[in-house]
Amino acid sequence: MHEMGITRNIVSIVSEHAKGAQVKRVSLEIGNLSTVMPDAIRFCFDVCSKGTELENAHLEIIEIAGRKKCQDCQLITETDQVFGSCECGSWNTTPIAGEELRVKEMEMV
Amino acid sequence: MCTTCGCGENSEPKMIDPSTGKVVSIDLTKSQDHEYTHPHDHDHGHYRHHQFHPSDASSGNTVSLEKEILAKNNLIAERNRKWFQTENILALNLVSSPGSGKTTLLERTILDLRKQIPFMVIEGDQETMNDAERIRATGCKVVQVNTGTGCHLEADMVARGIEELQPPKNSAVMIENVGNLVCPALFDLGEKSKVVILSVTEGDDKPLKYPHMFRASDIMILNKIDLLPHVQFDMEKCVQHARQVNPDIRVFQLSATTGEGSDIWYHWLRQQIVSMATS
């Protein structure tokens with residue numbers, strides 16, 4: 001739903017740093033608990049990058065698996081939901097990975 | 001430009017003051033450079049300080065950026081938050097799906113508490129001035145932000161709203177977000193708390209279906225309890241679902257139409273204002 005706005009932010013961040021130079025590759029980190037869909041970002045990227053330094057750049061998306069930590073027994077487990085119960089029965093868990101939305105790097109021509 | 005979906009070239013976000021009819025268009029592409037006129041400390045050059053310099057970490061033609069995609073919004077939100085704190089202003093971000101009764105809850109709250117708490121309202125909707133007009137009828141100062149096709153408010157829109165409203169010290173700024181249980185969870189506005197409103201005419205499993213929003217909220221208001229005899233809504237199960245998603249969430253059950261249960265919500269609001277003033 002919000003991926004077009006997110007992609008505009010990505011293009012704007014990379015453009016600011018490219019300062020007019022052509023960009024060959026953009027690398028993103030997107031956590032799988034972030035509510036942002038990588039496929040939707042890929043679709044939007046082609047539209048948003050037109051006429052910018054990022055046009056035709058290869059978009060690399062590193063998906064980061066979600067992990068949660070139980071605040072009661074400290075156990076860390078993988079998760080695909082932003083909430084969930086722990087083996088110990090507690091629902092007091094906090095995501096410690098998977099909420100990333102980051103522009104990692106760019107490669108210039 | 002649409003802030004979210006990219007469609008609708010003629011649907012730029014705009015802010016309208018219903019008392020004067022003044023319309024200000026909000027160009028989010030210029031958000032980091034705009035001039036604030038409200039009296040808070042901030043650093044317009046902040047982004048520049050953190051920009052990449054050619055000597056920064058880079059390898060060949062690869063440049064390491066490590067930039068948060070929502071950094072611009074988060075920075076403006078933090079500025080808003082600091083200003084609210086300095087002025088002892090309680091800012092709440094009211095979020096829900098459309099039709100949960102946010103505006104009715106605001107109307108009632110303002111009318112019942114206006115002698116104790118000065119309220120100001122920032123109304124967010126894709127289109128129309130309807131909600132701002134309803135709030136204005138209570139005598140409360142309000143601005144309407146129309147997001148066009150955008151499905152949430154962003155921190156910059158709130159900054160413009162503050163500029164227009166000029167809220168006094170020790171007041172409460174109520175931000176009624178666009179009716180949507182997904183996108184507003186991702187965008188910090190600088191509020192003290194998000195308050196999620198869920199009406200009993202919706203499903204009691206909404207906290208599980210939209211966990212990000214219920215996780216991001218400190219308070220859940222279960223509204224329209226006067227309709228409980230007529231709907232299949234399991235109150236206990238709903239609270240249980242909300243606590244699974246967010247064990248710390250506080251729950252108030254009320255009817256904004258009849259006023260039933262409002263006292264505990266009002267008590268919480270008054271407490272927040274007092275704790276802002278004494279902290």
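The values are calculated or read from the model by the stated rules, or taken from the named source; none is laboratory data. Everything numeric here is computed off the predicted structure, so don't read it as measured data. Positions of Cβ are generated from backbone atoms using ideal geometry, with glycine treated the same way; all protein chains shown enter the neighbour counts. Calculation scope for accessible area: heavy atoms of the full protein, side chains included, ligands and nucleic acids excluded. Shrake-Rupley method; radii C 1.70, N 1.55, O 1.52, S 1.80 Å.
Observations, loosely collected:
- Matching strands (runs of 3 or more DSSP E) fully within the stretch A:31-109 where at least 2 residues are more than 8 Å from chain B (Cβ to nearest Cβ): A:58-64, A:66-70, A:76-79, A:93-97
- Selection count, the stretch B:181-199, where residues are more than 11 Å from the chain's Cα centre (by Cα), surrounded by 24 or more Cβ atoms within 10 Å (Cβ to Cβ) and assigned to a loop (DSSP other than H, G, I, E, B): 0
- Within the stretch B:241-271, if we keep just the residues that are part of a loop (DSSP other than H, G, I, E, B) and open to solvent by 10 Å² or more (accessible area, probe 1.4 Å), the residue that is nearest to the other protein chains (Cβ to nearest Cβ) turns out to be B:247.
- Taking (1) open to solvent by 10 Å² or more (accessible area, probe 1.4 Å); (2) away from chain A (no Cβ under 14 Å); (3) in contact with a Leu (Cβ under 6 Å, 6 or more places away or on another chain) in turn, residue B:97 satisfies each apart from (2).
- Restricting attention to the stretch B:60-94, the residues being open to solvent by 20 Å² or more (accessible area, probe 1.4 Å), small (Gly, Ala, Ser) and more than 14 Å from every other protein chain (Cβ to nearest Cβ) number 0.
- Qualifying residue in the stretch B:218-235 (condition: touching a residue at least 40 places away in the same chain (Cβ under 8 Å), closer than 22 Å to residue A:93 by Cβ and part of a helix (DSSP H, G or I)): no
- Total residues in the stretch A:1-42 satisfying the condition of being more than 29 Å from residue B:215 (Cβ to Cβ) and not hydrophobic (A, V, I, L, M, F, W, C): the figure is 8.
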